[in-house]
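Chemist: Submitted below is the structure of interest, expressed as structure tokens.
The values are calculated or read from the model by the stated rules, or taken from the named source; none is laboratory data. Computed from a prediction, not measured in an experiment: that's the story for all the values here. With ideal geometry, Cβ positions are generated from the backbone for all residues, glycine too; neighbour counts draw on all protein chains shown. Note: accessible area is taken over every heavy atom of the protein model, side chains too, but ligands, DNA and RNA are not part of it. Shrake-Rupley method; radii C 1.70, N 1.55, O 1.52, S 1.80 Å.
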Amino acid sequence: MLEHANAYAAFAAGGKPYNPAAILKVEDANGVVLEEWKSENHQGTQVMDGNIAAMMSNVLSDNDARSYV
């Protein structure tokens, strides 16, 4: 299920898929941050043109565009 959601998320992200992150921060008992996920360290790779991603997102959100003719 997560793989399917991540695949469709590339349309919403302008054609750049990102790996999902389940754990955002790890702290010790004193509240000191040991590890933290930061989005600027995880840039997605462009896999499709941004205009195509926007068009696909538009089609997926429009019931009439997805209906059989």
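Chemist: So, with +1 on the Cβ of K and R and -1 on the Cβ of D and E, and no other charges, what is the size of the charge dipole of region 1-60 about its Cα centre, to the nearest 20 debye? Display every interim value, and only then the final one.
Modeler: Details: 3 positive and 7 negative charges, 48 e Å.
Result for region 1-60 is approximately 240 debye, rounded to the nearest 20.
Chemist: Each residue of region 52-61 in order: what ³J(HN,Hα) in whole Hz does its phi give by Karplus 6.51 cos²θ - 1.76 cosθ + 1.60, θ = phi - 60°, with x for Gly and Pro?
Modeler: 5, 4, 5, 5, 4, 4, 5, 4, 5, 8
Chemist: A further question on this structure: With a cut-off of at most 15 other beta carbons within 10 Å, and DSSP calling the residue loop, which trypsin sites (Lys or Arg not before Pro) in the chain qualify? Please list them. Please report the intermediate quantities before stating the final value.
Modeler: Details: sites: 25, 38, 66; in loops: 38.
Counting only loop positions with at most 15 other Cβ atoms within 10 Å, the trypsin sites (Lys or Arg not before Pro) in the chain are 38.
Chemist: Hey, can you find the accessible area per residue of the chain for me, probe 1.4 Å, expressed in square angstrom?
Modeler: Numbers: 5890 Å² over 69 residues.
Ligands and nucleic acids excluded, the result is 85 Å² per residue.
Chemist: Mind listing the phi-derived Karplus ³J(HN,Hα) values for region 26-31, rounded to whole Hz, using 6.51, -1.76 and 1.60 with θ = phi - 60°, and x for any glycine or proline?
Modeler: Going residue by residue, I get 10, 10, 7, 5, 8, x Hz, with x marking Gly and Pro.
Chemist: What distance in nm lies between label points placed 7 Å from Cα along the C-beta direction at residue 16 and residue 61?
Modeler: 1.9
Chemist: Projected onto the charge dipole of the chain (+1 at Lys/Arg Cβ, -1 at Asp/Glu Cβ, origin at the Cα centre), which of 18, 46, 67 gives the Cα projection farthest towards the positive end?
Modeler: My answer, from the dipole projection, is 67.
Chemist: Then there's this: Roughly speaking, what % of Cα-Cα pairs in the chain are separated by over 19 Å, rounded to a whole number?
Modeler: Numbers: 1193 of 2346 pairs.
Roughly 51 percent, rounded to a whole number.
Chemist: Further question: Hey, any idea what % of the chain's accessible area is carbon plus sulfur with a 1.4 Å probe? Could you put the intermediate results ahead of the total?
Modeler: Values: 3220 of 5890 Å².
Using a 1.4 Å probe with all protein chains present, the chain comes out at 55 percent carbon and sulfur.
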